[in-house]
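What follows is a single structure, written as structure tokens, with notes after it.
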Amino acid sequence: MTSAAEPTASAAPDSTYSLVVVSNRLPIEIEVSEDGTEGWRTSPGGLVTALEPMMRSSDGAWVGWPGIADRSFDPFENDGISIVPVRLSESELEDYYEGFSNDTIWPLYHDVIAPPRYHREWWEAYVRVNRRFADAAASAAAPGATVWVHDYQLQLVPRMLRDARPDLVIGFFNHIPFPPYGIYAQLPWRKQILDGLLGADLIGFQRLADAGNFSRAVRRLYGYPTRGVAIDVPAPEGKHRRVIAKHFPISIDAAAYEELARRPEIQERARQIREDLGNPQTIMLGVDRLDYTKGIAHRIKAFGELLADGSLSVEDVTLVQVASPSRERVGPYIALRDEIELAVGRLNGDFSTISHTAISYHHHGYPREEMVALYLAADVMLVTALRDGMNLVAKEYVAVRFDRDGVLVLSEFAGAADELKQAVLINPHDIDGVKAAILRAVAMPRQERLRRMRALRRKVFDNDVDAWSSSFLRTLTEGAAVRPGIPDTLAGALKDLSRADNILVALDFDGTLAPHVDKPEDARAVAGTREAVQRLLDLDGVRVAFVSGRALVSLRHVSQPQTDVLLAGSHGIEVQLDTPEIELDLVTEELEQLDALARVLERISGSIDGTWIERKPAGLALHTRLATPRKAAAALKAAREELGTLLPGLTVRDGKDVIEFAVRASTKGDALERLRRHAGADRVFYAGDDTTDEDAFAVLRPGDVGLKIGAGDSLAGYRVRGPEDVPLVLGLIADARAAVAAEREAAAGA
């Protein structure tokens, strides 16, 4: 336990960090020992559980409130994590936290299960405290650092950071639901909240529906263009900034939970719990914060009716309800505690016996070891949330059950239901349906229990906290890690390029002209691309080409090219060069290989979630972007091994979350050389983002210009952050070319 030293005033961090996490609460809290000394201990909670491993491994800093009002603490290190405390006063806790965060935003975002209240003084406190958190994060962040802001209490921080530190890469993750527009529109400060969130480069949500709700609110209130997961946000000087709003279901450190469950002392504690409860045939368990969104009253009502009608008896079935304290000074929570405890008392009074209690109720939290023992002791886990962003308790229960036994009854209104489809899913508002699910769970045959739990465990272990955090940070930093703007050296190189008699401007599409999206058919070029391409086409001595790994038909569909644009698809196997016809010829042997290739990849993809097949004229691509890292690796390994044996002559090409197999060899380098010859180009400009684009960069000659889009090793001499910068680069080429034409015209006139 780290000692808690208290200075007279808060201090700025002594150093800066490349990764900064910002949340309302720090991952630690003060604990007072018996002799009166104070120290820090790790605090419970889903966010802390999720981020602890990542923070230790990355040597990052965590900015947040230490959990005690009106006290300041210097930054310090605790258990491998650098801590930057933010001071909050008692009145700010009342207005910012208990007021706006938990009596306005929380009920509003949870579908108005309880009525939200709107007070201007609460909003003013919310703005003031968000500013303090933003200032602390800005001070802790190194130049170009990644800052990851968490949850609904800090929705204004991304914009404040963006304005103060435009060099930062900023992510935001919303751990609770985001409501449909009809509900969100009630908020008096609805536009300010959206603007605050749009300061981030990446906004993460628990569910696909939440990300969609957010994008719809942005369209309705701001009118910004949205396409798939991408939102084009106006930036200074008439530019646009690309913001991604996407779902990233949070998870747990599943292996750590299983390790605890396998400890002999915890298994012994689980046996003791069953014995203390009278060794009933079935123990049902509910574990929740005492919150009106958790549906605790609904499960108690359903259980009580089953006891009343004789479907269950207290001798056979006991319900253990852990309801940890939550927001105990907020009015609705005070009323909820009274309601729950009254219901428990009545039910126990009606049905408990001397030796058996109907509901074993506990209004306090437990350490993780005791919770794991409870999970092991429970035959049925009840998660009856009326609305929940995720609900990590459901995943914890599954991770603990290394015996493959136990039944999870799960509300369809919890985010976990999107993944844990082998649970017994319920609508908690349907009391008869909840009762039927409880009876089904109690009576479920062992073989069915084992089958369901095996499937649930695969899902939880494949999508653990490492996969969640790495997926979010990879998406956040993949392009944003590059400094914004057009480098002066690139602008100079483009001026030199523009002096050549004939220029070819060749452009990859996905990731270069258009951001990557989950559904390839939804990809579209960023705003301003078509206009910039047309400016180039209107200039003498300039040809423009699109070069893609896509089939040429798909490339035409998503790029919608002007007539004069040259096209090369399937890495140059297909071309369309100033004629309506696509040039491609496959012999009989190649067609037979293509059929065999399709059979193998379709079987592999059909057995692994999150993968899909893209058909191309001379090959197929196996995409893994939506699969977990573990499943993606398994799919790629299986494809390589099987096809390496069956069709050893195939051309294999690795890309970003994709592997391609072709019956005819060609690269983007081959395509670029063919385009250069066709255009008669003296100089070539090529822009691309993928590993497959390195083949094109490799064939560039002295005087040519290669532009890498985003981060990562590359042969290209220059790079920009993302697709939103490419129209600006094309505009610079057009400006420079027009200036050269004007100079030559003036010289000819003289």
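For Pro143, state whether it is modelled with pLDDT under 95 and over 17 Å from the mean Cα position of the chain (by Cα).
So Pro143 passes the test.
Identify all residues within the stretch 168-198 that are open to solvent by 10 Å² or more (accessible area, probe 1.4 Å), out of contact with any strand residue (DSSP E or B) (no Cβ under 9 Å at 6 or more places or on another chain) and part of a loop (DSSP other than H, G, I, E, B); write none if there are none.
Scanning the stretch 168-198 gives Pro180, Ala185, Gln186, Pro188, Trp189.
Considering the stretch 324-378 alone, what residues qualify as being surrounded by 12 or more Cβ atoms within 10 Å (Cβ to Cβ), among the polar types (S, T, N, Q) and in contact (Cβ under 8 Å) with a residue 24 or more places away in the chain?
Scanning the stretch 324-378 gives Ser324, Ser326, Ser352, Thr357, Ser360.
Go through the stretch 693-739 and report how many residues are more than 27 Å from Arg241 (Cα to Cα), hydrophobic (A, V, I, L, M, F, W, C) and surrounded by 16 or more Cβ atoms within 10 Å (Cβ to Cβ).
So the count comes out to 3.
Considering the stretch 209-249 alone, what residues qualify as being open to solvent by 40 Å² or more (accessible area, probe 1.4 Å) and at pLDDT 85 or above?
Hits for the stretch 209-249 are Ala209, Arg216, Arg219, Arg220, Tyr222, Gly223, Tyr224, Pro234, His247, Pro249.
Take the stretch 17-41 and flag every residue that is in a loop (DSSP other than H, G, I, E, B) and either closer than 19 Å to Arg87 by Cα or among the aromatic types (Phe, Trp, Tyr) (or both).
Leu26, Pro27
Name the residues in the stretch 578-594 that are crowded, with 16+ Cβ neighbours inside 10 Å, touching a residue at least 60 places away in the same chain (Cβ under 8 Å) and hydrophobic (A, V, I, L, M, F, W, C), would you?
Hit for the stretch 578-594 is Leu594, nothing else.
When the stretch 94-112 is examined, which residues are found to be more than 17 Å from Arg190 (Cβ to Cβ), open to solvent by less than 10 Å² (accessible area, probe 1.4 Å) and without any contact (Cβ under 8 Å) to a residue 40 or more places away in the chain?
Matches in the stretch 94-112: Gly99 only.
Being modelled with pLDDT of 90 or more and basic (Lys, Arg) is the filter here; which residues of the stretch 663-700 pass it?
The answer is Lys668, Arg674, Arg676, Arg677, Arg683.
Evaluate the following for Ala671: is it within 27 Å of the chain's Cα centre (by Cα) and in a helix (DSSP H, G or I)?
no
Please verify whether the stretch 99-106 includes one or more residues that are in contact with a strand residue (DSSP E or B) (Cβ under 8 Å, 6 or more places away or on another chain), within 17 Å of Ser23 (Cβ to Cβ) and among the aromatic types (Phe, Trp, Tyr).
The answer is no, given that none of the residues of the stretch 99-106 is in contact with a strand residue (DSSP E or B) (Cβ under 8 Å, 6 or more places away or on another chain), within 17 Å of Ser23 (Cβ to Cβ) and among the aromatic types (Phe, Trp, Tyr).
List, please: which pairs have Cβ atoms under 6 Å, are six or more places apart or on different chains, and start with a residue in the stretch 243-254 that is in contact (Cβ under 8 Å) with a residue 60 or more places away in the chain and end with one that is assigned to a loop (DSSP other than H, G, I, E, B) and of a type outside the set (D, E, K, R)?
Ile244/Val229; Lys246/Val229; Pro249/Gln206; Ile250/Met390; Ser251/Asn463
Do we have Gly278 as surrounded by fewer than 21 Cβ atoms within 10 Å (Cβ to Cβ), in a helix (DSSP H, G or I) and of a type in the set (Gly, Ala, Ser) here?
Against the criterion (surrounded by fewer than 21 Cβ atoms within 10 Å (Cβ to Cβ), in a helix (DSSP H, G or I) and of a type in the set (Gly, Ala, Ser)), Gly278 does not qualify.
Do we find that Val434 is under 15 Å from Ala302 (Cα atoms) and in contact (Cβ under 8 Å) with a residue 40 or more places away in the chain in this structure?
yes
Need at least 2 residues that are over 30 Å from Asp379 (Cβ atoms) and modelled with pLDDT of 90 or more per element, so show me which helices (runs of 4 or more DSSP H) inside the stretch 428-527 make the cut, counting only ones lying wholly within it.
488-497
Specify which of the listed residues (Asp163, Asp201) is closer than 28 Å to Ala138 by Cβ and either free of Cβ contacts under 8 Å to residues at least 12 places away in the same chain or buried (at least 18 other Cβ atoms within 10 Å of the Cβ) (or both).
Asp201 is the lone residue from the list that is closer than 28 Å to Ala138 by Cβ and either free of Cβ contacts under 8 Å to residues at least 12 places away in the same chain or buried (at least 18 other Cβ atoms within 10 Å of the Cβ) (or both).
For Arg625, are the conditions met, namely being out of contact with any strand residue (DSSP E or B) (no Cβ under 9 Å at 6 or more places or on another chain), of a type outside the set (Ser, Thr, Tyr), open to solvent by 20 Å² or more (accessible area, probe 1.4 Å) and in contact (Cβ under 8 Å) with a residue 60 or more places away in the chain?
no
Considering only the stretch 379-390, I want to know if a residue exists there that is buried (at least 21 other Cβ atoms within 10 Å of the Cβ) and touching an Asp or Glu at 6+ places or on another chain (Cβ under 6 Å).
Yes, the stretch 379-390 contains a residue that is buried (at least 21 other Cβ atoms within 10 Å of the Cβ) and touching an Asp or Glu at 6+ places or on another chain (Cβ under 6 Å).
The values are calculated or read from the model by the stated rules, or taken from the named source; none is laboratory data. Please read these numbers as outputs of a predicted model, since none were measured by experiment. With ideal geometry, Cβ positions are generated from the backbone for all residues, glycine too; neighbour counts draw on all protein chains shown. Heads up: the accessible areas ignore ligands, DNA and RNA and are worked out on the full protein's heavy atoms, side chains in. Shrake-Rupley method; radii C 1.70, N 1.55, O 1.52, S 1.80 Å.
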